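All remarks here apply to the structure that follows.
The values are calculated or read from the model by the stated rules, or taken from the named source; none is laboratory data. These numbers come from a predicted model, not from an experiment. FYI the Cβ positions are ideal-geometry reconstructions off the backbone, even for glycines, and counts take in every protein chain you see.
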């Protein structure tokens with residue numbers, strides 16, 4: 001048998017794991033290998049009005065459908081969008097969707113799926129994916145932050161998620177930027193950037209960015225790449241201001257953990273190289289001389305698969321204990 005074919009058959013014989021991502025805007029399920037390779041996936045939108053019960057109904061329907069099709073799995077890994085007791089899988093709360101407070105998600109998933117289930121914060125799980133298979137591969141420790149519907153953070157050291165006291169750690173988005181109570185999410189989340197762009201429009205400003213705004217508010221940050229490419233100074237100003245705020249916050253992570261690499265994920269990372277370069281450039285002035293040059297800043301590599309990939313790795317680590 002040719003070597004390549006033999007390798008392929010060996011990989012296909014790997015145990016199948018079930019991975020979940022439960023976020024503020026999307027719910028993903030995937031079947032894959034302990035090495036993080038996704039074989040089958042489902043992605044659904046989150047109806048916030050339906051709350052946690054609506055998300056659980058979506059998960060239950062997908063799991064039962066896959067079982068009906070003959071799929072089986074040996075363990076379950078889940079990334080949940082909020083504080084969670086990773087030891088038990090019990091949810092503390094959700095900052096975005098009602099109906100999760102004190103919910104025993106790990107126990108519920110174990111009963112539903114008929115396999116051991118491990119639950120962790122979704123950004124922690126994403127960090128694991130990026131550290132082992134993504135942009136942080138080869139670096140240790142790795143600090144990851146995502147800027148999207150919220151701002152999260154995570155640290156992986158020695159190939160494992162760093163955990164603090166229950167119910168969480170590395171709540172990067174809730175670090176205060178000043179004494180008045182402004183937090184990182186207020187300045188560096190996708191919705192915060194949307195708000196700043198919309199405010200330019202309301203002030204009567206002109207330029208490529210403002211002229212391209214749709215009538216209905218929402219998703220304005222997605223217009224930044226084209227406006228930056230067109231040389232719009234207002235787009236550049238918003239990019240630099242947001243990057244400066246994020247870099248200031250990241251300097252705290254550098255001084256606390258001194259990671260070997262910083263990985264940027266979430267919706268704002270889709271801006272690409274201008275975003276990465278702006279954050280990296282702004283970071284050095286906020287870092288003490290002994291830590292210069294600061295860690296390299298990289299763009300996340302796993303895209304929409306980052307949490308499911310990390311959840312497969314998390315399930316594999318859980319089974320190996």
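Quick check on this structure: which one of 261, 253 is touching a helix residue (DSSP H, G or I) at 6+ places or on another chain (Cβ under 8 Å), in the same structural domain as residue 189 (by TED's automatic domain parsing) and at pLDDT 95 or above?
On the way: 261 fails: touching a helix residue (DSSP H, G or I) at 6+ places or on another chain (Cβ under 8 Å).
Only one candidate passes the filter, namely 253.
Condition test on residue 256, is it in contact (Cβ under 8 Å) with a residue 40 or more places away in the chain and within 19 Å of residue 139 (Cβ to Cβ)? Outline the logic, then answer.
On the way: in contact (Cβ under 8 Å) with a residue 40 or more places away in the chain: no; within 19 Å of residue 139 (Cβ to Cβ): yes.
Answer is no for this residue.
Given the condition touching a helix residue (DSSP H, G or I) at 6+ places or on another chain (Cβ under 7 Å), at positive phi and at pLDDT 95 or above, answer yes or no: does some residue in the range 269-291 qualify? So far as the range 269-291 goes, yes, one or more of its residues are touching a helix residue (DSSP H, G or I) at 6+ places or on another chain (Cβ under 7 Å), at positive phi and at pLDDT 95 or above. Where helices (runs of 4 or more DSSP H) fall wholly inside the range 162-226, the ranges with 2 or more residues that are within 13 Å of residue 245 (Cα to Cα) are 184-188, 190-202.
This table checks each residue for (1) assigned by TED's automatic domain parsing to the domain that holds residue 166; (2) at positive phi; (3) at pLDDT 95 or above.
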{"position": "90", "(1), (2), (3)": "no, no, yes"}
{"position": "95", "(1), (2), (3)": "no, no, no"}
{"position": "98", "(1), (2), (3)": "no, no, no"}
{"position": "104", "(1), (2), (3)": "no, no, yes"}
{"position": "107", "(1), (2), (3)": "no, no, yes"}
{"position": "114", "(1), (2), (3)": "no, yes, yes"}
{"position": "117", "(1), (2), (3)": "no, no, yes"}
{"position": "120", "(1), (2), (3)": "no, no, yes"}
{"position": "124", "(1), (2), (3)": "no, no, yes"}
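Of the residues contained in the range 69-83, none is found to be without any contact (Cβ under 8 Å) to a residue 12 or more places away in the chain and either over 21 Å from residue 308 (Cβ atoms) or part of a helix (DSSP H, G or I) (or both). If you scan the range 110-141, which residues turn out to be surrounded by fewer than 21 Cβ atoms within 10 Å (Cβ to Cβ), part of a loop (DSSP other than H, G, I, E, B) and in contact with a helix residue (DSSP H, G or I) (Cβ under 8 Å, 6 or more places away or on another chain)? Passing the criteria: 116, 137, 139, 140, 141.
Mind telling me which of the residues 177, 155 ends up being farther than 25 Å from residue 301 by Cα and in contact (Cβ under 8 Å) with a residue 60 or more places away in the chain?
Numbers: 155 fails: farther than 25 Å from residue 301 by Cα.
Unique residue meeting the criteria: 177.
Taking the range 297-321 as the range and being more than 13 Å from residue 144 (Cβ to Cβ) and free of Cβ contacts under 8 Å to residues at least 60 places away in the same chain as the test, the residues that pass are 303, 320, 321.
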